[in-house]
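Mind looking over this structure? Questions follow.
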Amino acid sequence: MDIYEAVTSRRAVRGFTDRPIPKEMLVRVLSAAAWSPSGSNLQPWHAYVLTGAPLVELKKRAGERVAAGDPWDKQEYEMYPPALKPPYNERRSAFGKQRYGELDISREDWEARQRAAAANWDCFGAPAALFCYIDRDMCPPQWADVGMYLQTIMLLLRAEGLHSCTQMSWAKYHKTVAEILSPPDELILFCGMSIGFEDLTANHARLGRAPLDETVRFVES
């Protein structure tokens, strides 16, 4: 798979089979991803990979919290600005409309939306999950470095025939994740990433992208 195919075929897959992923495949991906760029070569990412019984236990504990209606953990970072301005609010609205539309869930059916959201904490059935942390005292450029690291992982997963879904939603249950992983106190959970082979029976409509002239300006002579 060439790089263009990897980029254009990558998407947030929300339905995986339970087919196991060979550990050597994950090691190969993460070993290559270590070459991701970072300012002054800080490499500010801290990744934990869960499979097997530990992942089953995490899903169980998170599922119990969902079922009990437990409130989310105190937010450790802002996921979105309090008030999204155009065109970002329209893009987010379009995402929600398409996402729940493909599940045949109306905007008013809050209970069904909650059930759909709960699939996040089952990793959409994926047999592997990666949890990415960063030191609390890092600055925005280092968070950008982590984003490049995660993107590199996702593209390498495509080269292996795997799919993924990054999930900031896991930060809402960061205490439950910490019960399983026991990360150092100086680390903050940025996101999880579900990893696996795509369930081809699931509905995976592809979201569009803004026209190039909305996001890119060519400055030429």
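The values are calculated or read from the model by the stated rules, or taken from the named source; none is laboratory data. What you are looking at is a predicted structure, and each value in this text was computed from that prediction instead of being measured. All Cβ positions, even for glycine, are placed from backbone atoms using ideal geometry, and neighbour counts span all protein chains on display. The protein model used for the area step is the full one, side chains on, heavy atoms only, and it has no ligands, DNA or RNA in it. Shrake-Rupley method; radii C 1.70, N 1.55, O 1.52, S 1.80 Å.
Regarding GLY192, is this residue open to solvent by 50 Å² or more (accessible area, probe 1.4 Å), under 30 Å from SER93 (Cβ atoms), of a type outside the set (Asp, Glu) and not in a helix (DSSP H, G or I)? Explain how you work it out, then say what you get.
Values: open to solvent by 50 Å² or more (accessible area, probe 1.4 Å): no; under 30 Å from SER93 (Cβ atoms): yes; of a type outside the set (Asp, Glu): yes; not in a helix (DSSP H, G or I): yes.
Here the answer is no, as GLY192 does not meet what is asked.
Same structure, new question: If a residue must be small (Gly, Ala, Ser) and open to solvent by less than 10 Å² (accessible area, probe 1.4 Å), how many such residues does the range 158-170 contain? I'd like the intermediate steps shown before the answer.
In the first step, residues of the range 158-170 are kept if they are small (Gly, Ala, Ser); the result is 159, 161, 164, 169.
Going one step further and asking which of them are open to solvent by less than 10 Å² (accessible area, probe 1.4 Å), we end up with 164.
Summing the residues that are small (Gly, Ala, Ser) and open to solvent by less than 10 Å² (accessible area, probe 1.4 Å) in the range 158-170 gives 1.
If we scan the range 3-20, do we find a residue that is basic (Lys, Arg), at pLDDT 95 or above, open to solvent by 40 Å² or more (accessible area, probe 1.4 Å) and in a helix (DSSP H, G or I)?
no
Residues in the range 79-113 that are at pLDDT 80 or above and either among the basic types (Lys, Arg) or touching a Cys at 6+ places or on another chain (Cβ under 6 Å) (or both): how many?
Residues meeting the conditions: 3.
For LEU207, are the conditions met, namely being in contact (Cβ under 8 Å) with a residue 60 or more places away in the chain, more than 11 Å from the chain's Cα centre (by Cα) and surrounded by fewer than 18 Cβ atoms within 10 Å (Cβ to Cβ)? Talk me through it step by step, then tell me what you get.
Working: in contact (Cβ under 8 Å) with a residue 60 or more places away in the chain: yes; more than 11 Å from the chain's Cα centre (by Cα): yes; surrounded by fewer than 18 Cβ atoms within 10 Å (Cβ to Cβ): yes.
Yes: the conditions hold for LEU207.
Quick check on my filter: what residues within the range 125-170 are in a helix (DSSP H, G or I), in contact with a helix residue (DSSP H, G or I) (Cβ under 7 Å, 6 or more places away or on another chain) and either within 25 Å of PRO20 (Cβ to Cβ) or without any contact (Cβ under 8 Å) to a residue 40 or more places away in the chain (or both)?
Residues satisfying the conditions are TYR149, THR152, ILE153, LEU155, LEU156, LEU157, ARG158, ALA159, SER169, TRP170.
Okay, moving on. If we keep just the residues of the range 114-157 that are modelled with pLDDT of 95 or more, exposed (fewer than 14 other Cβ atoms within 10 Å of the Cβ) and of a type in the set (D, E, K, R), which is farthest from LEU200 (Cα to Cα)?
Ranking the candidates gives ASP137 first.
Let me ask something else about it. Being without any contact (Cβ under 8 Å) to a residue 40 or more places away in the chain and closer than 28 Å to ARG136 by Cβ narrows it down to one residue among ALA34, ALA47, ALA67, ALA53; which is it?
ALA34
Can you find even one residue in the range 176-186 that is assigned to a loop (DSSP other than H, G, I, E, B) and in contact with a strand residue (DSSP E or B) (Cβ under 8 Å, 6 or more places away or on another chain)? Step through it out loud before you land on a result.
From the range 176-186, those assigned to a loop (DSSP other than H, G, I, E, B) are 182-186; that's our starting set.
Of the ones still in play, those that are also in contact with a strand residue (DSSP E or B) (Cβ under 8 Å, 6 or more places away or on another chain) are 183, 186.
For the range 176-186, residues assigned to a loop (DSSP other than H, G, I, E, B) and in contact with a strand residue (DSSP E or B) (Cβ under 8 Å, 6 or more places away or on another chain): present.
Continuing with the same structure: Restricting to the range 44-92, give me the number of residues that are among the charged types (D, E, K, R) and part of a helix (DSSP H, G or I).
Here is the first cut: in the range 44-92, the residues among the charged types (D, E, K, R) are 57, 59-61, 64-65, 70, 73-74, 76, 78, 85, 90-92.
In the following step, the residues that additionally are part of a helix (DSSP H, G or I) were identified as 57, 59-61, 64-65, 90-92.
Qualifying residue count, the range 44-92: 9.
Among the numbered conditions (1) open to solvent by 30 Å² or more (accessible area, probe 1.4 Å); (2) under 30 Å from GLN142 (Cα atoms), tell me where LYS60 comes up short.
In the conditions (1) open to solvent by 30 Å² or more (accessible area, probe 1.4 Å); (2) under 30 Å from GLN142 (Cα atoms), LYS60 misses (2) alone.
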